[in-house]
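The values are calculated or read from the model by the stated rules, or taken from the named source; none is laboratory data. Keep in mind the model is a prediction, meaning the values are calculated, not measured. Note: ideal-geometry Cβ built from the backbone for every residue, glycine included; neighbour counts use all protein chains shown.
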Amino acid sequence: MDEIQKPDGFAAQRLLVLPDYMRKELEQHPLTSTLYVQDIGFFPHARYHYRERAEGCDTHIVILCAQGSGWIEREGHRRIGLLPRQLYIIPAGSAHRYGASDSDPWSIYWFHLHGKDALELIRCYELDQGAVQLTLGAYTRTIELFEQCCELLENRIYSLPVHIHVSQMMRSLLSTVGLGAGHSPQVQKREQYLGEALRYMTERLAEPLTLAELAGHLVLSKPYVTYLFNQETGFPPIEYFLRLKMQRASQLLDLTGLSVKEVAAAVGISDPYYFSRLFKKIIGSSPSSYRSIPKG
C-alpha cells in the first residue's frame, strides 16, 4: 500500500517554492550563492505522500520526520524506514523515491538546499550516511530554526536580506543536527577514543609524547590513531599535540610573568629557539610579539 500516490495537498500544510528569477538572484549573490533554500514546507499527516525522481534532484533534500513514519530509497542503498525525530538527507543528483507509511503516515518538515557549502556541511557532520536520530534537545532546536526560516520566507519571500539571514540560519540548523545526532555505536566508540586521547595529551603537555605511546595507551594501532585524528581534527596526532602545547603556552604568556624560556620548559620544550619557531609557525607571531598584543 506504500506505493499509492497522492498529489500535494494536505490539511494545514505549509509550502514555499522560490520563483526562477529569485533563485537566479540568490545564485549570483556572494552571501547566498554557496547555500540557499530553494523550497521549504511542512506536510502534516501526509497519507499517501509519494515522490520519485529517477534522475535525482539538483538540490539536497532534507526530510525530518515529526510524527508517524515513512520510507526512503536511494540508488545503491536499501530502503530505510524513517521514524519520529529522525532526519534524512538525499544528496543532489541521487536517484530516489520516498513515501509515507499507509498505516501511520508521517508528518514531515522538509526543505531543498542549493550550494557547495550545503554539501560541505553535510559531509562535515556525516549527514549523508543514512537516517540521523536526533536527541530531544537537537530536535527541538531544529524545529525552532525551521519555523523561524519558514515564517521569514512566508512574510518576505522576495526580500534578499531575508534570504541572506535564512542562509545563515540553515548553516546553524545543519550544525545543530550534526552536533545533536544520536550517533551509531561505531561513531560513539570513535568519539570515546578521541576523548581519551585528548585527555591523555592534555595531562602530558609538559612532557614529550610519541605516536607509539599514544597508540599503546589507547590499545589501538598507530595507523588507526592517525586516521582517527586526521578524520576528526584535520591534523595528525603529534601535530595536534604540539598545537595543544602552543595553546597552553599562549595562556602562560598571557597570564603569567614567566620568561619565554620558562614557558618553553613548562610545555616540555628544552630548546627556547625551537619553541619560538614552533610558536610562530602555529600561532602566527613570536612569543614576545604575542605577549605585547593587547587582549580583551
Taking segment 248-262 and keeping only residues that are within 36 Å of the chain's Cα centre (by Cα) and either hydrophobic (A, V, I, L, M, F, W, C) or buried (at least 16 other Cβ atoms within 10 Å of the Cβ) (or both), one is left with Arg248, Ala249, Ser250, Leu252, Leu253, Leu255
Within segment 279-296, residues part of a helix (DSSP H, G or I) and either more than 31 Å from the chain's Cα centre (by Cα) or not assigned by TED's automatic domain parsing to the domain that holds Leu205 (or both) come out as Pro287, Ser288, Ser289, Tyr290, Arg291, Ser292
Just checking, how many residues over segment 132-144 are buried (at least 18 other Cβ atoms within 10 Å of the Cβ) and not basic (Lys, Arg)?
5
Out of Leu209, Leu198, sole residue that is assigned to a loop (DSSP other than H, G, I, E, B) and of a type in the set (A, V, I, L, M, F, W, C)
Leu209
Members of segment 115-131 that are in contact with a Leu (Cβ under 7 Å, 6 or more places away or on another chain) and farther than 13 Å from Ser175 by Cβ:
Gly115, Ala131
In segment 178-196, how many residues are in contact (Cβ under 8 Å) with a residue 40 or more places away in the chain and touching a helix residue (DSSP H, G or I) at 6+ places or on another chain (Cβ under 6 Å)?
1
Quickly run through segment 47-71 and pick out the residues that are crowded, with 22+ Cβ neighbours inside 10 Å and out of contact with any Ser or Thr (no Cβ under 7 Å at 6 or more places or on another chain).
His49, His60, Ile61, Val62, Cys65
If we keep just the residues of segment 107-121 that are out of contact with any strand residue (DSSP E or B) (no Cβ under 6 Å at 6 or more places or on another chain) and of a type in the set (A, V, I, L, M), which is farthest from Glu27 (Cα to Cα)?
Leu121
Mind listing just one residue for me: the one in segment 216-248 that is part of a loop (DSSP other than H, G, I, E, B) and under 29 Å from Pro272 (Cβ atoms) and, of those, modelled with the lowest pLDDT?
Gly234
Assess whether Leu194 counts as being touching a Ser or Thr at 6+ places or on another chain (Cβ under 9 Å), of a type in the set (A, V, I, L, M) and outside the structural domain of Tyr125 (by TED's automatic domain parsing).
yes
Specify the residue that is farthest from Leu18 (Cα to Cα); the eligible residues are those in segment 31-78 that are among the acidic types (Asp, Glu) and out of contact with any Lys or Arg (no Cβ under 6 Å at 6 or more places or on another chain).
Glu75
Scan segment 150-170 and tell me whether some residue there is over 22 Å from Tyr50 (Cα atoms) and small (Gly, Ala, Ser).
yes
Cβ pairs under 7 Å, 6+ apart, first in segment 7-28 and part of a helix (DSSP H, G or I), second modelled with pLDDT under 90:
Met22/Tyr158
Only one of these conditions is not met by Gly268: (1) touching a helix residue (DSSP H, G or I) at 6+ places or on another chain (Cβ under 9 Å); (2) part of a helix (DSSP H, G or I). Which number is it?
(2)
On the given criteria, is Leu173 more than 21 Å from the chain's Cα centre (by Cα), buried (at least 16 other Cβ atoms within 10 Å of the Cβ), assigned by TED's automatic domain parsing to the domain that holds Ala92 and under 20 Å from Leu31 (Cβ atoms)?
no
Filter result for the condition that a residue is among the aliphatic types (A, V, I, L, M) and in contact (Cβ under 8 Å) with a residue 40 or more places away in the chain, over Ile282, Ile293, Ile269
Ile282
Restricting attention to segment 105-127, does a residue exist that is farther than 23 Å from Asp58 by Cβ, surrounded by fewer than 17 Cβ atoms within 10 Å (Cβ to Cβ) and among the small types (Gly, Ala, Ser)?
no
